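What follows is a short report on a single structure.
Any read-out appearing in this document is the output of simple, stated calculations on the displayed coordinates, not a laboratory observation. Here the structure is a predicted model, which is why all the values come from computation and not from measurement. Virtual Cβ from ideal backbone geometry, glycine too; neighbours counted across all protein chains shown.
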Amino acid sequence: MPPVPAATVVSQLEWRYAAQKFDAARPIDAAAWDALERSLVLTPSSFGIQPWAFLVVEDPAIRQQLLAASWGQAQVVEAPKVVVFAARTGLDAADAERYVRRAMDVRRLAPGTLDGFLRTLVRFVTQPKEKYDVDEWAVRQVYIALGQFMTAAAMLGVDTCPMEGISPAKYDEILGLAPRRLRTAVVCCAGYRAADDADAKLAKIRFEQDEVILRV
């Protein structure tokens, strides 16, 4: 498959911004949305363990509840799609074993092939919290998915708005995440910018490339 031209990548990243107003009447077409969901599924993670879930909130009543937990930011009710990026909590040996079983099935490996990897993974996820907070590590993994989702959206000409201005605890309560061993990390709305979103016309404010790209 030929790569996307370099100029196209840069152009689309220049085009994107954090949409402040969405056109609620313009849905994302099914093929583009399926590609965005696949971008989430295909996100890389440390060890490959995928310590996350992505909740696509479609119920208008639930979205209205989330509005109050989002500092009144209207994107959560206006955008065609709202995705809650949630991190898995309390990772344990069973989670490690589930991932290794999946790896064995997908790659059709002989029994015992991944025993050493499994021991390493179990040691990592079960270490004492005072040594390394695995729950916080899982949240950082989720941000890899956020970046991949937003970049894929830009390539497809779909607008996004990442949101940390929320009450994660309220989100967890509204969505019933705790019993599912999940916690809200960040939210991303997706759709198409409204014609009157003034932010779309603003120039990007970025430091010069030679200030942030350091060569050693």
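Between Arg26 and Ala7, what length comes free when the chain is fully extended (0.36 nm per residue of separation minus the Cα-Cα distance, one decimal in nm)?
Taking Arg26 through Ala7 to full extension adds about 4.1 nm, to one decimal.
So between Asp92 and Phe124, what do we pick up on full extension, going 0.36 nm a residue minus the alpha carbon distance? That pair, Asp92 and Phe124, stretches by 10.6 nm at full extension.
Going from the residue with the fewest nearby Cβ atoms within 10 Å to the one with the most, Val84, Val142 rank Val142, Val84.
Label-to-label distance for Ala200 and Ala178 is 4.1 nm, based on points extended 7 Å past Cα in the beta-carbon direction. Ordering Thr126, Val9, Ala185 by the projection of their Cα atoms onto the charge dipole of the chain, which places +1 on the Cβ of Lys and Arg and -1 on the Cβ of Asp and Glu, puts Thr126 at the extreme positive end.
So for the chain, averaging the separation of alpha carbon pairs under 8 Å that are six or more residues apart and normalising by length, what relative contact order in percent results?
Rounded, it is 35 percent for the chain.
Give the Kirkwood hydrodynamic radius (Å, one decimal) of the chain, defined as one over the mean of 1/r across all pairs of different Cα atoms.
19.3 Å
Partners of Lys204 within straight-line reach, counting lysines whose Cα lies under 23 Å from its Cα and excluding those fewer than 8 residues away in the same chain: Lys21. Cα to Cα, under 27 Å, and not fewer than 8 places away if on the same chain: which lysines meet these conditions relative to Lys129? Result set, ordered by chain and number: Lys170.
The modelled label-to-label distance between Phe117 and Trp15, using points 7 Å beyond Cα along the C-beta direction, is 3.7 nm. Look at the dipole of segment 64-110 built from charges on Cβ: of Val100, Gly90, Gln73, the Cα furthest out on the positive end belongs to Val100.
Across every direction, the projection of the convex hull enclosing the Cα atoms of segment 164-216 has a mean area of 7.5 nm².
Please determine, in degrees from 0 to 90 and to the nearest 10, the orientation of helix 134-155 with respect to the longest principal axis defined by the Cα atoms of the chain, where the helix direction is its Cα long axis. Taking the Cα atoms of the chain, the angle to 134-155 is about 40 degrees. Each pair of Cα atoms in segment 1-62 enters the Kirkwood radius, and Stokes-Einstein at 25 °C and 0.890 mPa s then converts it into a translational diffusion coefficient of 161 µm²/s. Packing-based ranking of 144-151, 42-49 yields 144-151, 42-49, ordered from highest to lowest mean Cβ neighbour count within 10 Å. By its C-alpha gyration tensor, with a ≥ b ≥ c as the square roots of the eigenvalues, how is segment 104-162 shaped: rounded for a/c under 1.5, else prolate for a/b larger than b/c, else oblate? Here segment 104-162 falls in the oblate category. Geometric descriptor of segment 1-113, per residue, is 188 Å³ (volume of the convex hull of the Cα atoms).
Suppose R0 equals 30 Å. What FRET efficiency, 1/(1 + (r/R0)^6) with r the Cβ-Cβ distance, do Met104 and Ala53 give to the nearest 0.05?
That gives a FRET efficiency of 0.85.
Per residue of the chain, the DSSP helices (runs of n ≥ 4 H) give a summed -39500 (n - 2.57) that works out to -13000 deg cm²/dmol at 222 nm. Peptides 29-35, 19-25 ranked from most to least packed, by the mean per-residue count of other Cβ atoms within 10 Å: 19-25, 29-35. The GluC sites (Glu not before Pro) of segment 74-180 meeting both criteria, a DSSP state outside H, G, I, E and B (loop) and at most 13 other C-beta atoms within 10 angstrom of the site's C-beta, are Glu130, Glu164.
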